[in-house]
Structure formats: structure tokens, C-alpha cells
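Structure first, commentary second.
The values are calculated or read from the model by the stated rules, or taken from the named source; none is laboratory data. All figures in this text were calculated on a predicted structure; none of them were measured in a lab. Here the Cβ positions follow ideal geometry from the backbone for every residue, glycine too, while neighbour counts run over all protein chains shown. With ligands, DNA and RNA removed, areas are computed over all heavy atoms of the protein, side chains included. Shrake-Rupley method; radii C 1.70, N 1.55, O 1.52, S 1.80 Å.
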Amino acid sequence: MVFKKIIDWLRQPKNFGKILMMPSSFILNLVLIIPFSILIYLSFTNYIPARGIEWWRSDIVGLTNFIKVIGDERFLWALLRTIIFVFTVVPIEFLLGLGIALLFLGNFKGKKIFTSIILYPMMVPWITVGLAFHLLFLDFGPINSILLKPIFGEATISWFRDPLLAFLTVILADVWQWTPLMFLILYSGLVAVPERLIEAAKVLGASETQILRRIRLPLIKPLIIVALIIRSLEAFKVFDTIFIMTGAGGPGTATETISCYIYKLSIQYSNLSYASAASLIIMIMIALVTRVAIKPLAVKPE
């Protein structure tokens, strides 16, 4: 009787779907929800591994960590530095990607080869990019020895000792690596614009600039928003490149982004509870900003 009930229950499409979803639900709980729950728990405790007390036996301190983080001047500077980084690299990458995508709309010899070359930086690991740019901008690296020597003579520029120049090198590395992503997304959108609309606009006497402003860009607006959101989120998490190029934020804290600061809190200073609170605050901020950013993509009921 019981076996028959189980068979009948499984025969229902809705229940059978639940069975099929169980493995993925289990993996999702294992790799996402459980660690996230531990992170939330730790943010309300005073857990420090060096004390030798297990994390589940640490004292509950309520909102103390969150209050400290909000008043932490170094945290606020790291956050501001990260925002400046995002608002610098993303517009540059967008404009460069759009410009290259427009150039590639035409047909020319070797287009496939040049497309592959342009996409190459995106496939290079972050650590490799960081190491390459670190070597390029060393005191006796190629930038100083080959490019700038004819201008400044034997005098060398210490790129990684000056706060502004160090920040600039990190920006250059990010722009070099991620402009291809913008190009790829925008180019895929631009080639999908119906050619008949372009031809009709040309017949009516529209210039290339007018076609771009009135037809191409409005039609790929959702794609542009998605591209900007994806790149902004990725740029906000920048860590590997800075870790390799400037030692996770040098000189001093001149290039210390929020990811670098949280890394130092958790790994170097072993203050996991404080780092968890800082991470939660950042996550909530990103969720709110993303929620506002994707509003234009919402489908309005007819």
C-alpha cells in the first residue's frame, strides 16, 4: 500500500520535478547558503582564530562590529577608492569598447584575426595581467627604459612609489584586460540591429552620428545596461591585479580597494568577525545599487 502511494506521488509531474531538483538544491545549499549563514553568524560575534576558541562558541556581540565598520575611516577610504576606480574604468572601457565595435561593423581584410587579437586580453588570468603590468612599470622596466627614456633621459619614474601613479597603473591594467568584454557585448548588439532600419535612415538623409544616437544605441539600450552592470560589479571586486601589482594596496593604502581591505582584515589581521560585518555591509550596498540599476530592464505590464 505504501509503495503504491509513493509510485502515485512520483507519477505526478510536479512531484517528479521536485525529485529532479533535489541534487541541485543540495549543492546550492552546500556551496552557497551554508557558508553565507556562517558569514552572517560570524558578523555578530567576536571570533578571532588566534584566541583558540571555536567560532561557534564565540561570544555574541550584537551590532558592535557593524557600528565599528561604519565608523572605520580606513574602511570608508577603501570604499571611496573603490567607487572612484569603478567610475573611472567602466566609462573608459565602455567608450573604448563602443568605438572598437563601431569600427568592426564594417568589412575589412583580416577582420576575424583582429577580432581574436582584441579578445585575447580577456582570456588572460588576472594574476598574469597583474604580473605583466608590474614588470612593465618597474623602475627599470620597459616603460621607463624604452618609452620614457628619450623624453626624460636617465631619470626614472617610480610608478609604484607614487600614490597617484600607482593607482593609474592599476586602472591601465584593468582597462587593457576588460575593454574586450565591452567590445564583445556591444558588438553583438550592434550587428543584431536590423539593417533595413539603417538603410531607411540613410535614404532619409540621416548621418552616421544620427543613426548611432537615434537607432543603434536606443535599440541596444538593455544590452548596454547589462554590460555596465556586469563590469561595474566585477570592477568593484577587483583584487588579484592590485594584489600582484602593488602588494594589496601600496604604497601605504593608496591603492587599497574594499576587497583588499577585507582580505587584510580576515587573513592578515585574523579578525574574521569584523571582516564578515564589513562584507555584509558591502553586499547589501551592492544589492541595493544593482536593484536600482536594473529597474530600466523591468518588463512593464501592457
If a helix is a whole DSSP H run, which ones in the chain reach 18 Å or further along their own axis (Cα) and hold a mean Kyte-Doolittle hydropathy of at least 1.0? 73-103, 163-190, 221-236, 272-293
The value for region 62-131 (convex hull of the alpha-carbon atoms, volume per residue, Å³) is 142
Pairs of alpha carbons in region 1-85 whose separation is greater than 17 Å (percent): 71
Hey, got the Cα dimensions of the chain along the principal axes, in Å, largest first? 74, 64, 33
Chymotrypsin sites (Phe, Trp or Tyr not before Pro) in region 56-158 lying in a DSSP loop, each with at most 10 other Cβ atoms within 10 Å of its Cβ, come to Phe108, Phe140
Listed by chain and number, the aspartates and glutamates with an alpha carbon less than 17 angstrom from that of Lys237, same-chain partners under 8 positions apart left out, are Glu93, Asp174, Glu256
Per DSSP, the loop-located GluC sites (Glu not before Pro) within region 1-98 having at most 15 other beta carbons within 10 Å are Glu54
Per 10 angstrom bin, beginning at 0 and ending with the bin that holds the maximum distance, the Cα pairs of region 166-302 fall in percents of 10, 27, 28, 19, 11, 5, 1
When ligands, DNA and RNA are left out and all protein chains stay put, how many square angstrom of accessible area per residue does the chain have with a 1.4 Å probe? 61
With all protein chains present, how much of the accessible area of the chain (probe radius 1.4 Å) comes from carbon and sulfur, to the nearest whole percent? 72
As an exercise, take the mean of 1/r over every pair of distinct alpha carbons in region 1-147, invert it, and state the Kirkwood radius in angstroms. 22.8
The answer for Thr45, listing residues at least 5 apart or on another chain whose modeled amide H is closer than 5 Å to its amide H, is Val61
Calculated FRET efficiency, Met122 and Ala50, Cβ-Cβ r, R0 41 Å, to nearest 0.05? 0.50
Neighbour count of at most 16 Cβ within 10 Å plus DSSP loop: longest trypsin sites (Lys or Arg not before Pro)-free window in the chain: 1-108
